[in-house]
Structure formats: structure tokens, C-alpha cells
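Below is one structure; the comments refer to it alone.
The values are calculated or read from the model by the stated rules, or taken from the named source; none is laboratory data. It should be emphasised that the depicted structure is a prediction, and the values quoted were computed from it without experimental measurement. Please note: Cβ atoms are built from the backbone with ideal geometry, for glycine as well, and neighbour counts cover all protein chains shown. Accessible surface areas use protein heavy atoms only, side chains included; no ligands, DNA or RNA. Shrake-Rupley method; radii C 1.70, N 1.55, O 1.52, S 1.80 Å.
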Amino acid sequence: MTKFWLLLILLLPLRTLATPVVPQFRSGSSTQSSTSQSVINESITSHQYNSGFSYSASGHNIESADLNGYINPSTVAGTTQTLNGVQFSWTSPTLEAVPRWKITNAGKSFSLVESLQGAGLSNVTTINRTITTTTTTETTSIFGQ
């Protein structure tokens, strides 16, 4: 007989009592935050070249000792050079041919200032810098029912 009751229980439909799930809130919000950082290291190098020379002379109570009054040094053909894939050449003065000067009025005061800047590499500039960038993104979602 127990088998009969067991079979009867299995064959009879049973009613299931379930309660629906209902959220207990009406509204809300959600916030998400993200931060990223990038670091850039830069090295910039600049080479500056003079392709010729610069000669200057100044003073008082002086004059050129050259018969023609010539005051520029004569030049020599320059040398060609390649550095980091850049080819350049320059012109240089003949230092033996730098102008000669003489005092105009002997016994009086005089001054003479000469300046010669040669050709070639004149300046190297190197800049090293670090750029740090930080980005923060915030996202807020608001919802309701």
C-alpha cells in the first residue's frame, strides 16, 4: 500500500507557491572611476654650425698697414665633414694673412680689438625632459524604477 501512496503522490500535480522577487529600491546611482598615467621621456639635441668665419676689428688711432687699406683676412678653401649623416663644409681664414695695423699718430693713445670666430661646430643644445600626464575619468549612472 505504501507503494500505492507513493505512486499517487508522484502522479498528482502539486501547486507551487512562489513569491515574485521585487527590488526594494526606487532609485539609485553607480559611480565608476578610472585613472591612467603616461610618462614620456624626450631627448632633443640640436647642432649649430658656422659655415664661414667672422672677423672684426675696432679701435682708434689705427689704420690698415696694407697699401690698399685692405682689412679682411684672406681665406682658404674649407674642409668637408660629415657628422650624424649631415655633410657640411666651411671656409677658414689664413691666420698669417690677418690684417696688419699701424698707429696713425705716433705718441698718442690708441686701442685695437680684434675678434675671430672660426667655422665649424659652434653650439650644441641638448634638452632632456620628462612629460607626465595623468587622466582621471569618472562615470556616474543614475537609475530609477
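Here residue 8 meets the list (1) at pLDDT 70 or above; (2) open to solvent by less than 90 Å² (accessible area, probe 1.4 Å) almost entirely, failing just condition (1).
Conditions tested, residue by residue: (1) closer than 30 Å to residue 143 by Cα; (2) out of contact with any Ser or Thr (no Cβ under 7 Å at 6 or more places or on another chain); (3) free of Cβ contacts under 8 Å to residues at least 40 places away in the same chain.
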site: 30; (1), (2), (3): yes, no, no
site: 37; (1), (2), (3): no, no, no
site: 50; (1), (2), (3): no, no, no
site: 70; (1), (2), (3): no, no, yes
site: 74; (1), (2), (3): no, no, yes
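When restricted to residues that are in contact (Cβ under 8 Å) with a residue 24 or more places away in the chain and out of contact with any Asp or Glu (no Cβ under 7 Å at 6 or more places or on another chain), the stretch 82-99 contains 11.
Residues in the stretch 67-97 that are over 42 Å from the mean Cα position of the chain (by Cα) and of a type in the set (A, V, I, L, M, F, W, C): 67, 71, 97.
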